[in-house]
Every structure is written in structure tokens, then in C-alpha cells.
Amino acid sequence: MEEQKLRSSEWFGRTGKDGFIYRAWMKNQGFPNHLFKDKPVIGICNTYSEFTPCNAHFRELAESVKRGVWEAGGFPLEFPVMSLGECQIKPTAMLFRNLASMDVEESIRANSIDGVILLCGCDKTTPSLVMGACSVNLPTLVLSGGPMLAGRFQGRKIGTSDLWRFAEDFKKGNMTQEEFTAAEAAMARSQGHCAPMGTASTMAAMIETLGLGLTDNASIPAADSRRKALAHLAGIRIVEMVHEQVKLSDILTRQAFENAIMVNAALGGSTNFIIHLLAIAGRIGVDLTIDDFDKLSAQIPLLANVQPSGEHFVEDIFYAGGLPALMQEMKHLLHLDSLTVTGKTMRENIENAQCYDRNVIATFDKPFKPESGIAVLKGNLCPNGAVLKPSAATPKLMQHTGKAVVFEDIDDYKKRIDDPNLDVDATSILVLKNVGPKGYPGMPEVGNMQLPAKILAQGISDMIRISDGRMSGTGFGTVVLHISPESAVGGNLAFVQNGDLITLDVPKRLLQLHVSDEELALRKEKFKPIALGYDRGYTKMFINHVMQAHEGADFDFLRGASGSEVKRDSH
Ligand code: FES
């Protein structure tokens, strides 16, 4: 292939004053002159932050990437971008996903970068970086930070999904404060992101199945030395990708998205996957809709026995053969000719994979569970869709009609959920409004709301819960999420009243409010949008521009790409 002029030569290849300026200040870091000529500049986009504990080992990982880049003849330069720590950021990390993507997009375009490695880990750090990079479309390789080792507590393995159980046990008085505190350290005992198939691991798997990461990117534990070796190899490979001119758009085809959706189903991945994948597709220009998720995953059983749908952890997938072993089981469905960042097709990436533990990765013919994937519901409560994860739900609740117990917003829920006089029983349906993209704002992970204390006291652990919010990827239960349009913009969810009957029928993909159109029209006339109280700054911009959940909740003005060209040049 004919060698192309490097993009970075627009900076470092210049003569006269301009070239002097671009090179001279870089030289204050001790770089000798020869590095500025004909060496692919590899940007290492780092989401390291001590406020993002899942990514706190990324300085070490970046050093391993640099070794690989140097070895391959590139020139690595690391840069920071906004980092979103899921468990630390208030009011919710999702509020800032699009902001971080803008930081990434503009940082890549504005600098002398020929190819970029995205260091991602905690939930939102993956989609925000990929979305931003898609809008520039340079050669790009994604390196995930890897999952934590499973926790150990009182003789058994634990992970983030156990947090919900501990919280209920503590509320019921079955766990002491001392035990609760001891479990904190026992759960998060190593570097890396959450150990179950939560959103971070779902995103890392998405990267591998889209073809954006090297083989085993999804599952090598963060603490395993092979994660650093993978980082080194990623550094080598991105230099080759610059020489081969392989761009994101060469890899992110419709087929790649379909592969990611099908594998996510077999893994029991997070419902957040839908929102993020839709947003990524919108940036790279692939036509993808929420209905594709149901259509493509309907044929696929659950193969991975990992939390929150099963009992094991993401590290166990690695020991059992990794994602390639799981993909072997469903290769008759996958698009195996898809190109990946390895320079090979998906077929070549997985051809030698073997499964070493059928307790963790089941066969397609004898799956772990028959139900998987994402059910996309429609009905008068969600004309544009709502989602439910069947593998994490209670089978007997999948077809159920019950009376609504309504909470107008999250504060109302917190105030009344444990009120002994709350008119609720185990057949009721808990309805939470105003936790959607605009309504909260930022669409927090509160959809799997904790059950009322008096229901928990009866030994009941699941009820139908519906909302326009999201749920943590580590959460579980019969939880309907992402109702669109959301209540804050006048979706029918806004008009549900206590005692209304609601039917959930997952086999029919139906979510129906049993209130006549005439009555709904009357209720609509009295509708007053809630006062959001944000009249300046980023949050105001968010509310004005965020799209609905079924569109990926990106900003309307960020869809698509602007390419890598810098239109004005001040030097
Ligand atoms: Fe970072 Fe779970 S809090 S991945």
C-alpha cells in the first residue's frame, strides 16, 4: 500500500516559524529531533482519575501502550480527557457522557494525532470516548482496563450485583453495620471495573465484538499481567493501523453492530448497552434502531453464566476461553467476515478458541437459560419503546396485570416507599416518573428501585417496576426501563395515577395502561411539565438538546461526524 502523508506532518513537518512553534515546545519534554519526522503520532486518550477508581490503574496501562508504540516506530503522546466515575459522580455520570464525548472529539481533532488509543473502563468512559472518536474517524483502537477480581466475603465470591442483596438484607436486619462495612472492602479488592457483566464489562465486550479491541480485551482481569501485555500489543497494532489507514468507519459497519447486539444477548449484557450503541451508531452513520435489539437477540439464548443473570464473574469468562469461545458457540449467526482492529476478520480472531468450562460458557444447544437479550416493549405507555432484560427478570411476572403505585419523582419515592401506610401489595406495579433524560436530568440508574419495606418483610424479592430511567448493569429484577417518550416531555407515563391498571406482557412485547384515550386526553390537558430549575450552564444545554432514550440520548447537534480536518489554522 502506498504510504500516505501523515496527518501529524501538518504540525511537525512544517518549515519556518510554524514548524518551529509546533516542535519547539514539545522538545521541552526531552524528545530528540528525529521523532518529529515520519513517525506516526499515537494519541493515548487517558481517562485516568482517582475519582474514577475503575480507571485508577490507567497510568501503568498507558506506559505499556507506549512501550508498544515505541517498539513499532511510533511516537506516543498521552492526553487526559474528562473521566466519569460511575460510583462517585453526582447527580449521575450519564449527565456528562455527551460532554466527555465532546472533549474527546475536539481533543483528537485539534492535535497532531495520526492514530489514537482510547483507554476506557468505568461505564461511561467507553461510550463517551468511542462516540467522540467516531466523529473524527481516525485509525482508532480501544483498550479496556479490565474487570476487578471477584470479591471474597464470608466464604463466597461476591461482586457489585451483591450490593443490592446486601442493601436488602441490611434493611431487613439480616446484616449488621459491621458486616456491611466489611463487605465494601471485600467486594472491591483489586484494580479494575465491576466484576459482573455490568455496564463496564458489557462495554468492554461491545468493544471486542464490534472489532474495536484486540482479542480478549473484554475479559482479561485488570490485575492480570496479561492485561499489560495486551496494552503493549495494542501500542504496536495502532502504529500498523496508521500505516494501513484503517479507520473507525472501516470497522464499524452495520454487520459489526449486529455482531455486538447478538453477543450481548448471549452474555446477558446491560440494558445500558442499547442507549450507548444507538449513540455510537448515530455518530458513525450506521442506521440502527431500538427494534433491531429485540429482532437480533430474539433467536439467541443466554450462554454466559455470569452475574447479574448467573453466578460467575467476567474473569471466569476469561479462564473459560474468553469471548472467542462464546462466539464459537454462535458463529452460525455472526458476521464472521467483519474486519477488526487486529487486521484480521472476526472468523480468524475466534477460529482457534476453545471452551474450558461449560459451567461458565454453555453451548448453544444446551444454553444456561433460554431467555436472553433485550425485550423491546411497545404500547400506549411507551409508543417509542421501553426495554426489559428477561434473563434478569422473574419468569412468573413476565405476564402480569397490576395496580399502579405512583411516585411523581425520585424524591417522592424516597419519602414514601417505606411508609407503612403505602397502599401496595406484591401484585402492585411500582411506577416512577421524571427520571428520564430531561426529567431528572441525566437519566439516572434508579429504575430497579428497592421494594417497599413491608413487601420485603414478607420475603418477596421482586415486583414489576417501571420508569423512564435506567438501571445499573449489575441490577436485576422485573424492571421496565427507558420508557419513551419520557414523562417530562408529556409521554403517557406522566398521566398514570394510583390504582390505574397496567399490563406487562413480555411474550407479546406489550406495556399497556388500561385508561381510555378520552381519559388520557383529559389528564393531558391538565399536564404541567415539572420545573427543572436549571437556567444556565451545561445542564441547561443538556436539557435543551438531549434526545430521547430510543435515540441513544445523544445531543441532537452531535449526531454524525465532522472528520479530522482542522478548518482554520492560526499559525
Ligand atoms: Fe466503575 Fe462499576 S463503578 S464499572
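Some notes on this structure:
- Pairs over the 26 Å Cα-Cα cut-off, from the set Lys433/Lys508; Lys37/Lys124; Lys403/Lys526; Lys247/Lys438; Lys172/Lys396; Lys172/Lys378: Lys37/Lys124; Lys247/Lys438; Lys172/Lys378.
- Peptides 343-356, 307-320 ranked from most to least packed give 307-320, 343-356, packing being the mean of other C-beta atoms within 10 angstrom over each peptide's residues.
- A Förster distance of 45 Å, applied to the separation of the beta-carbon atoms of Arg416 and Arg152, puts the FRET efficiency at 0.75.
- With each label modelled as a point 7 angstrom along the Cα→C-beta vector, the Arg67-Glu178 pair spans 4.5 nm.
- If the segment from Phe557 to Lys331 were pulled out straight at 0.36 nm per residue, it would be longer than the present Cα-Cα gap by 77.6 nm.
- FRET efficiency, 1/(1 + (r/R0)^6) with R0 25 Å, evaluated for Ile460 and Tyr319 via beta carbons: 0.10
- Here, the chain is characterised by an Rg to Rh ratio of 0.99, where Rg is the alpha-carbon radius of gyration and Rh the Kirkwood radius.
- Any cysteine of the chain lacking a neighbouring Cys Cβ under 4.7 Å - listed by number: Cys45, Cys87, Cys120, Cys134, Cys194, Cys355, Cys382
- Taking amide H as placed 1.01 Å from N in the peptide plane, the amide H of Asn448 sits under 5 Å from that of Ser472, each at least 5 places away or on another chain.
- Label separation (Gln497 vs Ser225): 6.9 nm, computed from points 7 Å beyond Cα along the C-beta direction.
- For segment 435-562, the Stokes-Einstein estimate of translational diffusion at 10 °C and a viscosity of 1.306 mPa s comes to 96 µm²/s, using the Kirkwood hydrodynamic radius over alpha-carbon pairs.
- The phi-based Karplus calculation (6.51 cos²θ - 1.76 cosθ + 1.60; θ = phi - 60°) puts the 3J(HN,Hα) values of segment 304-317 at 8, 9, 10, 4, x, 8, x, 10, 8, 10, 4, 4, 5, 4 Hz, whole numbers, x for Gly and Pro.
- Length available on full extension from Ala167 to Phe51: 0.36 nm per residue minus the Cα-Cα distance, which gives 39.4 nm.
- For the chain, carbon and sulfur atoms together expose 50% of the accessible surface, with a 1.4 angstrom probe and every protein chain in place.
- Ordering Ala386, Leu422, Gly343 by Cα displacement along the dipole of segment 305-429 toward the positive end leaves Gly343 in first place; charges were set at the Cβ atoms of Lys, Arg (+1) and Asp, Glu (-1).
- Phi to ³J(HN,Hα) by Karplus 6.51 cos²θ - 1.76 cosθ + 1.60 over segment 332-342, Hz, x for Gly, Pro: 5, 9, 7, 8, 7, 8, 4, 6, 10, 5, 5
- Computed over segment 1-121, the ratio Rg/Rh where both radii use C-alpha atoms and Rh is Kirkwood: 1.03
- Subtracting the Cα-Cα distance of Asp535 and Asn359 from their residue separation scaled by 0.36 nm leaves 58.0 nm.
- Counting only protein heavy atoms and a 1.4 Å probe, the chain has 39 square angstrom of accessible area per residue.
- Placed amide H near Leu84: partners under 5 Å, 5+ positions off or other chain: Thr125
- On the beta carbon distance between Gln299 and Asn28, with R0 = 51 Å, the FRET formula returns roughly 0.30.
- In terms of overall dimensions, segment 310-398 has a Cα radius of gyration and Dmax of 16.5, 48 angstrom.
- In a reduced charge model with +1 at each Lys and Arg Cβ and -1 at each Asp and Glu Cβ, segment 365-432 shows a dipole moment near 400 debye about its Cα centre.
- Residues of type aspartates and glutamates that Lys528 reaches as a straight line, Cα spacing below 16 Å, ignoring anything fewer than 8 places off in the same chain: Glu408, Asp409, Glu486
- Listed by chain and number, the lysines whose alpha-carbon sits under 22 Å from that of Lys331, ignoring those within fewer than 8 places in the same chain, are Lys295, Lys344, Lys366, Lys369.
- If you take the alpha carbon atoms of segment 91-152 and fit the smallest convex hull around them, that volume is 83 Å³ per residue.
- Ranking Phe257, Ile238, Ser219 by Cα position along the charge dipole of segment 215-263, where only Lys, Arg, Asp and Glu carry charges on their C-beta atoms, puts Ser219 farthest toward the positive end.
- Selection from Val136, Ile44, Phe180, by position along the positive dipole direction of the chain (Cβ): Ile44
- Taking the Cα centre of segment 83-192 as origin and assigning +1 to Lys and Arg Cβ atoms and -1 to Asp and Glu Cβ atoms, the resulting dipole is close to 300 debye.
- For Arg7, nonlocal amide neighbours, meaning residues 5 or more places apart or on other chains whose placed amide H falls under 5 Å from its own, do not occur.
- Point-charge dipole on Cβ atoms (K/R +1, D/E -1) for the chain, about Cα centre, debye to 20: 680 debye
- Per-residue packing, averaged as other Cβ atoms within 10 Å, sorts the ranges 367-379, 207-219, 327-339, 112-124 into the order 112-124, 207-219, 367-379, 327-339, beginning with the highest.
The values are calculated or read from the model by the stated rules, or taken from the named source; none is laboratory data. No experiment lies behind these values; they were computed from the predicted model shown. FYI the Cβ positions are ideal-geometry reconstructions off the backbone, even for glycines, and counts take in every protein chain you see. The area values use the complete protein model at the heavy-atom level, side chains included, leaving out ligands, DNA and RNA. Shrake-Rupley method; radii C 1.70, N 1.55, O 1.52, S 1.80 Å.
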